[in-house]
Amino acid sequence: MGGIVLNGLEKAFGSTTAIHQLDLTIVDGGLITLLGPSGCGKTTTLRCVAGLETPTAGSIQIGDTTVVDVAAKKVVPPHKRKVGMVFQSYALWPHMTTASNVAYPLKRRRMPREQIKQQVTDALKAVGMEAYGDRYAHELSGGQQQRAALARGLVSAGDVMLFDEPLSNLDARLRMSMRSEIRRLHDKFRHTAIYVTHDQHEALAISDQIVIMNGGRIEQIGLPREVYDRPANRFVADFVGFENLFDCLAVESTESGPVAICAGGLRVPVQEATEGLEPGCAVAFRARLVKRARPGEPRAGVSVRGRVVEAMYAGEALRFLVEIAEGEHVTVDVPVARYSDSTTTNVGENIDLFVPLPDIVVVR
Amino acid sequence: MNAQQVDSFVAPGAISATSSRRKRSLDPFGKIQWPVAICGVLLFVSPVIMIVVGAFRTTPFTGGRWTLDAMAEVFTNPATYRASWETASIAVVTVLISMVIAIFFVTLSTRTNSPLRGLIPAMMAFVVAMPPLFYGISWGLLGNQTSGLLNEFITVFWAFDSGPVNAESWWGLVAVSALRSVGFQYFLLLGAFMAMDRSLEEAARLSGASPVRAFFTVQLPVLFPAIGGVTILSLIVFLESFDIPAILGIPAGIYVLPTEVFNYLNSGAGPEYARASALSLILITIMLLLVYLQYRMMGRRSFVTVSGKGDNHGTWDLGRWRWPAALAIVLYALFAAVLPVTQLVVGSLAPFMGASSGFSFDNFAEVLENEKIMYAFGLTAIVAAVGAAIAVLVSFVMLWAAKLRRGVPRTLIGTAQWLPAALPGIVLGLGVLWFFLLLPPLRGLVGTPFSLVFAMVISVIPLAGRAVEGAIAQVPMSLEEASWASGANKFTALTGITARIMSPSLINGWLLSFVVLSGTLAIPLLLSSTTGGLLSVHVYKAYTAGRVELAAAIFVLLMIEILLVTALAVIVRVLLQRKRATYLGRPQVRGQEGNLNDENTR
Amino acid sequence: MRTHGKRASLLSRLGCAVVAAAALAACGSDRPAGGGQLDRAALGVTDATFADLKKLYRAALDEGGELVFYGTNHEVLAPVYEKFEKNFPGIKIETHQQTGAQQMASLQADRASGNHVADILQSPNALRYVNAGFAQPYEPPTFRDVKGIDGKVRDGLHDRQFRYSTPLFALFGIGVNTELINPAEVPRNWQDFADGKWAGKVLLHDPTVPGGGQGILTRLLLSNTVDEAWLAGIAHNSTLKGDYATAVQSLVRGEYPILLAAAGADLERSAGQGAPVKFLLMDKDNIGLADKWMLLDGAPHPQTAKLFLNYLYIDLGQQAIADIGNLPISGNARSPHNWPTFTDAKLADLPPEAEITAQNDRVVAILTRIFRRGS
């Protein structure tokens, strides 16, 4: 058994570099997600682990085996790496039945016939496809194809499972259920897994750890919760959906301690939660954590007043765009007022806003 | 603005067109299939029916009566069976060898980093453009045991009493036919190989298959329909090929079915239409059998799911095999194109074919000064261009209609467009002629360019169809559906979306058809009476009068014309592709629209 | 027809070709360049004939000055046509070269559709088209005036209703490559070629497929010049080529010294172009294929066609035939290749054409049995 260690991984296609000096360790049995916009190098990283690409520098270790070491000119070809992979297009072979698809990796490993049969049955049962073994790929629905591909990946995997955006061709509902299915199977088989996606919610739901990538570099590594709530930098904050981001312009000393002056005239006390805030950094917060302030209600946080310039109904919440200074807006989500509520907010109205200090994140 | 929305622009449904979805969404339009199927049967089957009828008539023209004599005569003649056996064995060996070579070169040019692989398409185009008559003659000269260039070259290095290479032999016939077949097989396979989803092969690699094993257990089987179709077509094309067997086979005592058909049609006692038709029935039967065989082999498996969704990187690094691969390309180019073309050009400069001195441009001067031949140049270009365009258009409409829905019409369309392939050119020409004579409204068109183009279109349909077929499979129906949804009617959707996206493949199909039609002889010989002869007819005249050198000069000019047109078509295709790249944006479609829904459900 | 030393104008010609091709859609067929005057001296005919020709010529111009031929041998005959066009200005000849099934189908199609295309058909096999009813009887007045043949021979050159007539014969003999063999050593009778000493030295266009080889061997057999034993000897000695043109090439390139059943016109032309070949006639039993010409029923330009048929029999036409290496029937024509005249040519005594046609299947069966031993 073993984890995966990427060391100084680099991959260039001609003059463009897809991955820059990537170091990453995935613990044995962990499921890590590579998350990022398209072209961020996540798929290339995955393919390097699979052996479908050869890196231009660095090394990859799977368990105790070094599968690639560019300096030592060592490359283990993909068919000897014993990894399972689920492709975006499923890549089910159309000339074989589902069962033959699943049996193929076992045949390649010269497993005895009865054992193959047993394993195929087990794998199909695990993904709930035992009834469809003799169907061809085109006779399956999208979700079933996905399950078949999963089963094939599972039997092929020695210690490592790789997922290349496996859910992106499914509709939203199916995606939700397959998501938990993949996690369930992971918990059952405990492969070391790398999962590539650009969908943050998928990543949040499925991963032990998330790696956010951009431009071939790692922006942040962390638990799903960390990444979602405490982004390390502007890119991650933006990527995981922080609607509000204000650059810090200066830090003033006041009686109650240092206060950072941010874009839009936002005054942010520099305390424990906002430690390290200084020019060059920025504060970020989510729209749904912004509150309507009752005037004269003192609390630790940021208060600001502005004029509502836009209001959008978004089902669970109302989203306001509030202008706090010329060209500077705060996005605010407020729960939709119940019909019994008397207070409503109109465009053009001036309102007071308040963000509790613990909900503010300092990003680089 | 959320960063993750930057690259979400296409619904995932757009790339997951399963067969059930396709079927459901197209049901209301199924009606269109029947008229297309009926037209197809009328177009392609009626000349064949005329041939079948012809086998049982004393004369296919007015005043004949029904008879079984011809059938009895042909099928009791042992020569028929000898020729059938000879034809079949040579066809099978030739096609097997040439398919292996063609697959090898398609793989080299689409999947590897072999040096010189960029030359392969040009080289193959050259081979296709070489008319079989001259291919046969060139190789007859090159591979002559006493005076062939090849043998003279070899005997410089090794001492042989007589040249070791003899083109006029069983293996010579097979080798030369195979070299030539590779050309069009390559083009017919190209689309399928390029469109194949690479992840299918990658999945095999990750499942523990070595590159070679992945190639043989996944890539080849997945491409089976394409490979099977091309194999069948090559078999049929060989079954009706006349020139090379006549030139290289007869000196070796090899007689094949097309030579026998020719013998009946040109018999000293006058043309024996009935016997020739009866013999052609063997070809038709074999062809139907082959198509049925392919259908059976495919069985329940459907290959529509093979599509170009995967990323296209991932060529094999051949490593130290790069140079042997390059050498293979050079060797093939030498034997299949350079040597025969050189022989042809040398012949066109010679005062007589086979001369070793006195070379000049006199033959070219003679051709260029001949108004009729010059006129024929333009006429041939126009007829071939129009014929090829119609053939591609007809194939496109028929195959598109066939794709709409499963059922009887689909089978009809599928089989009908194969039928013309089973008829040797002259027999097909006769079938078309009799068909026209049978219907009074069409009778007046006999001998006009209309009947000529009609027959040429039919003759080239099986070839054009293969090129179009591959292209149609690449276009997901959903793209067309999207344009219906956008308010386009069926026709606009077809021409505006499907045809536009496929246009590079359609141009390929057109080019292939154009090249073949430019050199085709049997049909214009029969049907071009009032239009003036096409170029091939002039070549035939010169050739039969022993003016081989003049015929060679005309052909050299024809090759130049074909190369110019090819260059033009390539430019158009490149322009179209560039345009297409801009309006389709990023080809790697990543479905993402579910995110907004997720936002709400959280 | 051939023009030498035109290399300089090659490029400009190519340019013209491109322009011509491009302009094709715009320009139709050229109208004949009006009428011209006939030059009696050049035609070399009597006053009475000249008057006849002049009348036909006027009528021809009125018909549009076009003339269309079906048949087999137009490329070889082209110089004869050019001479006609030169001496009868304003008339253009167009040819459609067809044989066998194609020829028959075209004629049938023309008749069935009512679109008659051709005026004249020329073929050694014209009889089959005559018998199928495609001919229009016509006796060219100039045919009677041909010098140097007696009445009996003359009557053998046409049928009773004059549905065809014969202005020339194609001569077949032996072609030799002079670099490989001294022509003096080559036998001048057919029989000797069956001798085993010629094994591996003789080329022959496969007599089991339709074409020259089959035609000549059939006639040699039916004229009793040779027998089946001779055929067996030839089958043993010779290398077969599936195509007459490749057989000629093979001789020219020196692959074999002798080509049996070679056409005189082809060999004389190759020799004229510098090829090391020579055409030899036999001392007796030479094979001449009668080239039959017929006026087609429903010809769109009947007067023009008649004018041309008359031209073939006047001295001018007969000499043109001799010049291209065919055998004209007139005793006045002089062969530039020193061939004998028609009456001196010692042609084999052939059965009537109808008899040859009737025997075809039987003879081909014999030839197939003997020449396809291998299979």
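The values are calculated or read from the model by the stated rules, or taken from the named source; none is laboratory data. These numbers were taken from a predicted model, which means no experiment stands behind them. Virtual Cβ from ideal backbone geometry, glycine too; neighbours counted across all protein chains shown. Each accessible area value is taken on the protein alone, full model and side chains, heavy atoms only, with ligands, DNA and RNA left out. Shrake-Rupley method; radii C 1.70, N 1.55, O 1.52, S 1.80 Å.
Placing +1 on each Lys and Arg Cβ and -1 on each Asp and Glu Cβ, with no other charges, gives the protein assembly as shown a dipole about its Cα centre of roughly 2180 debye. Springs join every pair of Cα atoms under 10 Å in this Gaussian network model of chain A, and among A:50, A:123, A:250 the largest mean-square fluctuation is at A:250. For the range A:2-232, what is the percent of antiparallel DSSP beta bridges, rounded to the nearest 5? If we restrict to bridges inside the range A:2-232, about 55 percent are antiparallel. Equivalent-ellipsoid semi-axes for the range A:235-286 (Cα gyration tensor, √(5λ), whole Å, largest first): 21, 11, 9.
Solvent-accessible area lost on pairing C with B (1.4 Å probe, both sides summed) amounts to about 6100 Å². May I ask for the net charge around residue A:246, where only other residues with Cβ less than 12 Å from the Cβ of residue A:246 are counted and Lys, Arg are +1 while Asp, Glu are -1? Overall, the nearby charge balance is -1. Straight-line reach from residue A:73: taking Cα to Cα under 24 Å and skipping same-chain neighbours fewer than 8 places apart, the lysines in range are A:11, A:42, A:82. These residues, C:316, B:568, B:430, B:412, go from largest to smallest accessible area, 1.4 Å probe, as B:568, B:412, C:316, B:430. Top mean-square fluctuation among A:242, A:13, A:320, Gaussian network model of chain A, C-alpha springs under 10 Å? Comparing A:242, A:13, A:320 in a Gaussian network model of chain A, the most mobile one is A:13. Note that the range A:345-359 has calculated 3J(HN,Hα) couplings of 10, 10, 4, x, 6, 8, 10, 9, 10, 9, 10, x, 4, x, 8 Hz, one per residue in order, obtained from phi through the Karplus relation 6.51 cos²θ - 1.76 cosθ + 1.60 (θ = phi - 60°); glycine and proline are x. Of all aspartates and glutamates in the structure, the ones whose alpha carbon falls short of 18 Å from that of residue C:284, not counting any fewer than 8 places away in one chain, are C:185, C:192, C:227, C:344, C:349. Checking the cross-link pairs C:152/C:241; C:241/C:346; C:83/C:201 against a 32 Å limit on the alpha carbon distance flags C:152/C:241; C:83/C:201 as lying beyond it.
For the protein assembly as shown, the solvent-accessible area with a 1.4 angstrom probe is 40 square angstrom per residue. Compared with the direct C-alpha span, the chain from residue A:64 to residue A:25 gains 12.7 nm at full extension, assuming 0.36 nm per residue. If you take the Cα centroid of the range A:274-324 and the Cα centroid of the range C:337-354, the two points sit 117 Å apart. Considering all different alpha carbon pairs of the protein assembly as shown, the Kirkwood hydrodynamic radius works out to 36.5 Å. Computed over the alpha carbons of the range A:144-206, Rg followed by Dmax gives 11.0, 31 Å. Compute the separation of the alpha-carbon centres of the range C:61-139 and the range C:205-273 and state it in Å as a whole number. If you average the Cα positions of each part, the centres end up 28 Å apart.
Mean silhouette area of the range A:41-91, derived from the convex hull of its C-alpha atoms and averaged over all directions, reads 3.8 nm². I want the local charge near residue B:520. Using Cβ-Cβ distances under 13 Å, sum +1 for each Lys or Arg and -1 for each Asp or Glu among the other residues. Charge balance in the 13 Å sphere: -2. For the chain pair B and A, buried accessible area totals roughly 4300 Å², probe 1.4 Å, rounded to the nearest 100. Measuring only protein heavy atoms, the 1.4 Å probe finds residue A:221 accessible over about 70 Å². Comparing the full protein assembly with the isolated chain (1.4 Å probe, heavy atoms, ligands and nucleic acids excluded), the residues of the range B:354-390 losing at least 30 square angstrom of accessible area are B:354, B:361, B:362, B:365, B:366, B:368, B:369, B:372, B:374, B:375, B:378, B:382. Computed with a 1.4 Å probe on the full set of protein chains, the accessible area for residue A:235 sits at about 50 Å².
Once the convex hull of all Cα atoms in chain C is built, its volume per residue stands at 171 Å³. Only protein atoms count toward the accessible area here, which uses a 1.4 Å probe; on the protein assembly as shown, the carbon and sulfur part of that area reaches 58 percent.
One compactness figure for the range C:75-142 is 1.25, namely its Cα radius of gyration divided by 2.2 N^0.38 Å. The spacing between the range B:356-422 and the range B:80-127, judged by their C-alpha centroids, is 22 Å. Modelled label positions at residue A:354 and residue B:79, each set 7 Å beyond Cα in the direction of Cβ, lie 11.0 nm from each other. With 10 Å bins beginning at zero, the pair-distance distribution over Cα atoms of the range A:242-363 amounts to 13, 45, 31, 10, 1 %. With a 10 Å cut-off around each Cβ of C:112-122, the average count of Cβ atoms from other chains is 4. To the nearest 0.05, how large is the calculated FRET efficiency for residue A:263 and residue A:226 if R₀ is 35 Å and r is the Cβ-Cβ distance? The calculated FRET efficiency here is 0.85. When the alpha-carbon atoms of the range A:2-232 are used, the pair Rg, Dmax equals 17.4, 52 angstrom. Considering chain A as a Gaussian network with a 10 Å cut-off on Cα pairs, which listed residue, A:31, A:204, A:52, attains the greatest mean-square fluctuation? Result for chain A, Cα springs under 10 Å: A:52 fluctuates most. Here the contact order of chain C, divided by its residue count and restricted to Cα pairs under 8 Å and six or more residues apart, works out to 24 percent. Of B:574, B:537, the order by accessible heavy-atom surface (1.4 Å probe, DNA, RNA and ligands excluded), from most exposed downward, is B:574, B:537. Once all protein chains are placed together, residue B:109 keeps about 30 Å² accessible to a 1.4 angstrom probe. Counting only residues at least eight positions apart within a chain, or on another chain, the aspartates and glutamates with an alpha carbon under 20 Å from that of residue A:80 are A:28, A:53, A:64, A:69, A:159, A:164, B:201, B:202, B:317. The 1.4 Å probe gives accessible areas that order B:170, B:85, B:418, largest first, as B:85, B:170, B:418. Here the range C:140-299 has an Rg and Dmax of 17.5, 55 Å, counting Cα atoms alone.
Shape class for the range C:273-314: prolate, because the ratio a/c of the largest to smallest gyration tensor axis (alpha-carbon atoms, square roots of eigenvalues) is 1.5 or more and a/b beats b/c.
Length gained on full extension, residue C:160 to residue C:147: 2.6 nm, using 0.36 nm per residue less the C-alpha separation.
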